[in-house]
Amino acid sequence: MSTSAPPPIAEPVESGPPTGRRSPTALLRRVWRDPGGRIGIVLMVLMILLALLGVSGLLPHGPIDQAPQDRLQGPSGRYWFGTDQFGRDIAARTFAGIFTSLRVSVVSVLAAAVIGTFLGVLAGFLGGWVDQVIGRLIDILFAFPAILLALALVSALGSGWVNTAIAITVVYAPIFARVARGPTLSVAGSEYIRAGRVLGIPTSRLLLRHVLPNVAAPIVVQVTLALSWAILTESALSFLGLGTQAPDASLGLMVSDARNLVSTAWWTLVFPAAAIVLLVIGLNLLGDGLRSALDPRQTSGTRPRRQRLTGTRGRTS
Amino acid sequence: MIEVRDLVKHYRTRGRGTVHALDGVSFSVGRGETLGLVGESGCGKSTAARLLVQLERPTSGQILLDGRDLLAGGHRSRSGRGRRRSRTIQLVFQDPYASLDPRQRVGDALGEVLTVHRLVSDAAGRRRRIGELLEMVGLPAGTADRYPHQLSGGQRQRIGIARALAVEPAVLVLDEALSALDVSVRAEVMNLLARLRRELGLTYIFISHDLGMVRHIADRIAVMYLGQVVEIGSWDTVSDAPAHPYTAALNSAVPVADPVVEAARPALTVRGEVPDAARPPGGCRFHPRCPLAQPICSSVNPALEPFGPAGTGHRVSCHVVESAQRPASDLLLAHRQEHSGE
């Protein structure tokens with residue numbers, strides 16, 4: 001779990017002309033056609049179902065129910081994934097942990113996407129000193145290693161899932177700002193925006209109706225990639241004891257608790273760790289599939305080269 | 001109806017100093033008239049267009065619309081008055097593809113303009129008006145459901161014209177509006193423009209690098225070189241008996257369809273490139289490329305003075321032509337014969 005690695009910036013997606021009506025279902029269908037995208041969709045549907053199962057209360061054991069007599073039991077029909085040192089059901093805790101991870105990730109990434117896109121579009125569209133101020137602000141946030149910044153924020157704000165989400169939002173908003181700014185620059189300089197001005201269309205309408213739809217594609221892709229990194233960040237914070245607090249279930253916390261038990265009770269580590277891995281893989285495949293589906297070059301019959309994700313938080317754009 | 005007075009636009013650039021895109025341009029266009037604005041790329045034609053539709057503000061000078069200054073009262077205001085003024089002069093862009101939002105259907109693009117300016121009251125009226133606009137530019141009503149990329153270049157340019165007409169403007173600035181089109185389509189759109197001008201009483205400012213095209217549609221022609229008007233007059237005098245040596249060169253670059261005539265025509269084209277607008281030559285801007293240049297041309301910039309019979313409105317800025325009182329086309333021919341005899 002190398003969460004100290006920096007979060008990625010999505011490969012730029014060219015937002016080209018749409019091929020007819022693009023509804024969310026049509027988009028999903030195109031992702032489904034991509035083998036990787038299909039695995040991503042299946043994995044994510046599975047994970048979401050497990051997460052809902054984890055908090056539904058329908059499982060035979062609750063995530064924080066202790067059964068001291070059943071401590072450290074291996075996987076069985078009664079305890080599917082075994083139990084931990086307090087006799088808690090690993091399966092229930094893993095599912096609840098998936099829910100925790102998804103909740104923090106979705107909330108924080110959506111907040112980061114909204115705030116970051118707003119700032120990026122504003123900077124790219126208005127230019128001048130607005131661009132300068134927002135650009136420097138982004139540079140400052142980028143100067144910190146992501147996990148350090150998140151750690152510092154959570155230490156300052158206190159633990160709990162809301163504060164964890166706030167910390168991740170602050171870390172990821174600059175990435176969205178940067179992803180949104182580039183395409184906005186090219187759209188803002190395009191003739192159809194100039195035409196809109198000549199026709200007397202108000203700036204707010206130009207931004208909402210003409211700029212935003214034309215820069216949406218790379219942001220949608222960035223959302224799925226940021227989700228997978230947010231899951232890693234949340235797990236790392238919980239692992240370090242700053243995120244979700246015991247006895248609540250969290251994947252990072254479970255991995256942390258399992259450190260000393262791994263030689264005697266492998267199941268305490270393997271299942272939550274596998275959940276993290278599957279979440280990250282699922283979201284990455286989904287993001288990759290989305291990028292191919294949104295890529296206008298794909299419609300011309302040529303399959304885009306699958307580009308490797310850059311692991312460096314470079315100063316691109 | 002439109003009067004441009006001493007319009008100046010300078011762009012400050014990094015490293016290259018100030019670019020003089022427009023340097024004291026004046027002209028006027030009457031209601032229902034078509035003024036052709038001709039010149040090489042970089043002469044300031046498009047800058048003039050952007051200033052006319054208030055995409056940019058001039059460094060100095062005035063644009064008067066029916067005697068009222070368009071630029072007075074600060075930056076284009078968001079008030080109803082400012083918006084109404086901004087509607088009077090509309091622009092048709094060169095690239096009909098780039099000037100339409102690729103994610104917007106044709107009907108929505110037209111409807112948006114109508115809604116923003118409150119030109120229609122309800123959905124039914126909106127649909128009716130969109131149909132009218134499409135019919136006006138000779139497109140079937142079904143075009144409203146199409147995306148720009150589903151249309152041909154000519155159809156897209158018709159949409160560009162329809163959208164400009166949606167705000168019921170009095171003046172249409174056509175910035176190389178036909179240059180991106182095929183020759184056959186170009187003729188169709190040209191005829192469309194002529195019809196619209198007749199039916200709606202529009203005033204055109206037709207900007208192009210192609211003198212041959214401009215002479216077909218313009219009543220008067222203004223020739224620009226490096227940010228200045230060097231000759232202005234009625235379309236026949238400017239294109240048939242060009243007074244300025246630069247106009248003569250432009251005119252001789254227009255091919256004639258008859259091969260016999262074409263072969264017999266003297267080539268009066270000039271050599272070289274347009275100089276850097278950041279470092280315009282002193283004196284007459286054209287003198288480094290002018291075959292008729294005299295010593296005075298490199299020191300004094302000639303003014304735009306009346307030329308030929310009084311009352312024709314023909315004006316030219318050239319020392320040589322003014323002192324000889326003969327159009328440059330004559331002078332160039334004489335000059336050529338002199339030199340070929342050596």
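What follows draws every value from the coordinates through simple rules; no lab data is involved. Quick caveat, the model's predicted, so the values are computed rather than measured. Counting neighbours? That spans all protein chains shown, and the Cβs are built from the backbone with ideal geometry, glycine included.
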Putting +1 on Lys and Arg Cβ atoms and -1 on Asp and Glu Cβ atoms, find which of B:Val254, B:Pro295, B:Ala194 reaches farthest to the positive end of the dipole of region B:190-342. B:Ala194
Where does helix B:328-340 land angle-wise versus the long Cα axis of chain B, in degrees 0 to 90, nearest 10? 40 degrees
So between B:Val183 and B:Arg31, what do we pick up on full extension, going 0.36 nm a residue minus the alpha carbon distance? 51.8 nm
Placed amide H near B:Phe206: partners under 5 Å, 5+ positions off or other chain: B:Leu35, B:Gly36, B:Leu37, B:Leu174
With +1 on the Cβ of every Lys and Arg and -1 on the Cβ of every Asp and Glu, and nothing else charged, how large is the dipole of chain A about its Cα centre, in debye rounded to the nearest 20? 1140 debye
Restricted to chain B, the DSSP antiparallel beta bridge percent, nearest 5, is 60 percent
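What FRET efficiency comes out for the pair B:His149/A:Gln69, r = Cβ-Cβ distance, R0 = 56 Å, nearest 0.05? Working shown, then result.
Numbers: r = 69 Å, r/R0 = 1.24.
For R0 = 56 Å, the calculated efficiency reads 0.20.
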Can you compute the modelled spin-label distance between B:Arg12 and B:Val274, with each label point 7 Å from Cα toward Cβ, in nm? 2.4 nm
Output the antiparallel fraction of DSSP beta bridges having both residues in the protein assembly as shown, as a percent to the nearest 5. 60 percent
Bounding extents of region B:230-342 in its principal axis frame from Cα atoms, largest first in Å, are 41, 37, 29
For A:Ala26 and A:Leu148, calculate 0.36 nm times their separation in residues minus their Cα-Cα distance, and state this gained length in nm to one decimal. 39.9 nm
Using the per-residue mean of other Cβ atoms lying within 10 Å as a proxy for protection, in what order, highest first, do the peptides B:32-40, B:247-255, B:141-149 fall? B:32-40, B:247-255, B:141-149
Please grab the % of Cα pairs in chain B that end up more than 37 Å from each other. 23 percent
Using unit Cβ charges (K, R positive; D, E negative) and no other charged atoms, how large, in debye to the nearest 20, is the dipole of the protein assembly as shown about its Cα centre? 1280 debye
If R0 is 22 Å, what FRET efficiency do you get for B:Asp240 and B:Val260 from their C-beta distance, rounded to 0.05? 0.75
Peptide A:184-191, shielding by other chains (average Cβ, 10 Å cutoff): 2
Using the charge dipole of region B:23-74 (Lys, Arg: +1 at Cβ; Asp, Glu: -1 at Cβ; taken about the Cα centre), state which of B:Ser41, B:Val25, B:Leu71 has its Cα farthest towards the positive end. B:Leu71
Using only C-alpha positions, report the orientation-averaged shadow area of the convex hull of the protein assembly as shown, nm², one decimal. 38.0 nm²
Magnitude of the Cβ-charge dipole (Lys and Arg +1, Asp and Glu -1) of region B:1-64 about the Cα centre, nearest 20 debye, reported as 320 debye
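Hey, can you rank A:155-164, A:210-219, B:272-281, A:78-87 by average C-beta count inside 10 Å, highest first? Could you put the intermediate results ahead of the total?
Details: A:155-164: 16.2, A:210-219: 21.7, B:272-281: 14.7, A:78-87: 19.7.
Peptide ranking by packing, descending: A:210-219, A:78-87, A:155-164, B:272-281.
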Apply 1/(1 + (r/R0)^6) to the Cβ-Cβ distance of A:Ala156 and A:Phe86, taking R0 = 51 Å, and write down the FRET efficiency to the nearest 0.05. 0.95
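Show me A:68-77, B:167-176 ranked by packing, highest mean number of other Cβ atoms within 10 Å first. All intermediate terms of the calculation are to be shown ahead of the outcome.
Details: A:68-77: 12.6, B:167-176: 21.1.
The peptides rank, most packed first, as B:167-176, A:68-77.
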Within region B:169-293, the percent of DSSP beta bridges that are antiparallel, given to the nearest 5, stands at 55 percent
May I ask for log10 I(q)/I(0) of region A:30-299 at q = 0.13 Å⁻¹, from a Debye sum over the Cα atoms as equal point scatterers with solvent left out? -0.88
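Within 10 Å of each Cβ of B:93-106, how many other protein chain Cβ atoms are there on average? Could you put the intermediate results ahead of the total?
Working: counts 5, 1, 3, 1, 3, 5, 8, 3, 14, 9, 11, 6, 1, 0.
Mean partner-chain Cβ count within 10 Å for B:93-106: 5.
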Quick one: Karplus J couplings for region B:26-36, per residue in order, coefficients 6.51, -1.76, 1.60, θ = phi - 60°, nearest Hz, x for Gly and Pro? 10, 6, 9, 10, x, 4, x, 8, 10, 9, x
